[in-house]
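The values are calculated or read from the model by the stated rules, or taken from the named source; none is laboratory data. Everything numeric here is computed off the predicted structure, so don't read it as measured data. As a convention, Cβ positions derive from the backbone with ideal geometry for all residues, glycine included, and neighbour counts pool all protein chains shown.
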Amino acid sequence: MLRVGVCGTDREVVLHGLGGPRGLPEGSDYLVMGHEAVGRVVEIGSDVTDLEPGDLVVPTVRRGCGECVACAVGQADLCYTGRIKERGIVGLHGFLSERVVDSAEHLVKVPRELQAVAPLVESLTTPEKAMRRITNARAHLPDPAVRRALVTGTGPIALLAVLMLRLKDLETVVLARQPADSVQAQLARQTEATYTELADVDLNQPQAKLGGFDIVIEATGAAEMSVAMIAALGQNGVLDLVGGPSDRRPVPIQASSLGAMVGRNLTVQGSVNANPDDWRRAVADLVQMRTRFPGVVDALITHRFDISSFDDRALTRVPGQIKAVVDISE
Ligand SMILES: [Zn+2]
Ligand SMILES: [Zn+2]
C-alpha cells in the first residue's frame, strides 16, 4: 500500500464500531482500518491476466453477501440482504497496512499520475453513483438535461461532487457553512461554481435566494439540511442524499414540501457505495479534473501523516481540513 485516506466513517468505526458482533473479521479481535487506498501490485496469481506487478491500483471496499441477485452480478452497492462486508469498516481488514491481498476483480487500475491523490477515488465514487441514479431518475423527462445543480457541504465528497458537475459544465451552486473566504469556498470558486454561505440563506425558503435547481446533491448528512433541500428543487427536480443521519431525533418538515413533491414531480432519493462502473468513471474523471482545474484536486488533501507516527491526530478533524491521508510508502 502507498497511502490511505481517512474520513468520517473511520471516526465512526473508532468511536462506536460498526456492524455489531459481525464488525470484526472472522478470527480477529481487532480491525485493520483504512478503506480509501492506493497501492502498487507486487505479485499476482497465475490466473490474473489484466494486472501486472508495478501497476497502480485502488481497491474497492464493499464485498458482496454471496446470497442475493445484486451481489451475484457484482453490484454489492445494491445488496438486498444487507449482509455485506466492507474492508476496513465492517467484517474485513482494511488497507492501513504495508501489504494486502485481494482478488483482482476488486482492484481498479489507476494511471501513475494519480499516485498522490488516488485515495480520493473512493470519495469520488459516491457522487459518481449519485449522478448515475439522478440521471436514471430523470430519464423519463421530455428534457432530461440538467441546467442548474446545487451541492450542499464542503467535505471531500461535496467538493468532488462540485468538480464532477463542473467537469460536465453544469451551472453549480455550493451551499455550506464555511465562510466565503475559506479554503473550501475558494476551491469551489476555482471551478467556477458559485459559493453561497449558509448564513445568507433562509432554509425555510431556500428558493427565494438561490432559485430552483434541477438536481441537488446533499452531502452534509445533516437532517435539517436534507429536509430543507426539497424546497430548493425546481420542476421535476431530483434530490440525492449521500450522507445519512442515523439518530432517532425527529426533524420537522414543512407540509408544503410534501405538497411540492407532488405538485412539482419531485424525486427524493438516497444513494450509497458504488458499482464497478462508478469506480472506473471516478478514475477517468479524476484525471480530467486535474487537467481542467489545475491544483484543485491536489489541494483537497490538506493533511498528511506518516504511518510510523499514526495516532489520534490523523483521526481528529481540525479547521481547514478537507482530506487527511496517511502515507505508508512511496
Ligand atoms: Zn471514507
Ligand atoms: Zn447481497
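Of the residues making up segment 44-101, those that are farther than 30 Å from Ile307 by Cα, part of a loop (DSSP other than H, G, I, E, B) and near ligand 2 (Cβ under 8 Å from one of its atoms) are Cys65, Gly66, Glu67, Cys68, Cys79, Tyr80, Thr81, Gly82, Arg83. So which of Leu165, Leu107, Leu114, Leu159 is more than 16 Å from ligand 2 (Cβ to nearest atom), more than 30 Å from Val73 (Cβ to Cβ) and of a type in the set (A, V, I, L, M)? After applying the criteria, what remains is Leu159.
Restricting Val162, Val117 to residues that are closer than 30 Å to Glu330 by Cα and away from ligand 1 (no atom under 16 Å from the Cβ) narrows the list to Val162. Taking residues in segment 1-17 that are within 8 Å of ligand 1 (Cβ to nearest atom), and partners anywhere that are among the polar types (S, T, N, Q), the pairs with Cβ atoms closer than 8 Å and at least 6 places apart or on different chains are Gly5/Ser123; Cys7/Ser123. Condition test on Val42, is it more than 12 Å from ligand 1 (Cβ to nearest atom), loosely packed, with under 12 Cβ neighbours inside 10 Å and at pLDDT 95 or above? Judged against the criteria, Val42 is a match.
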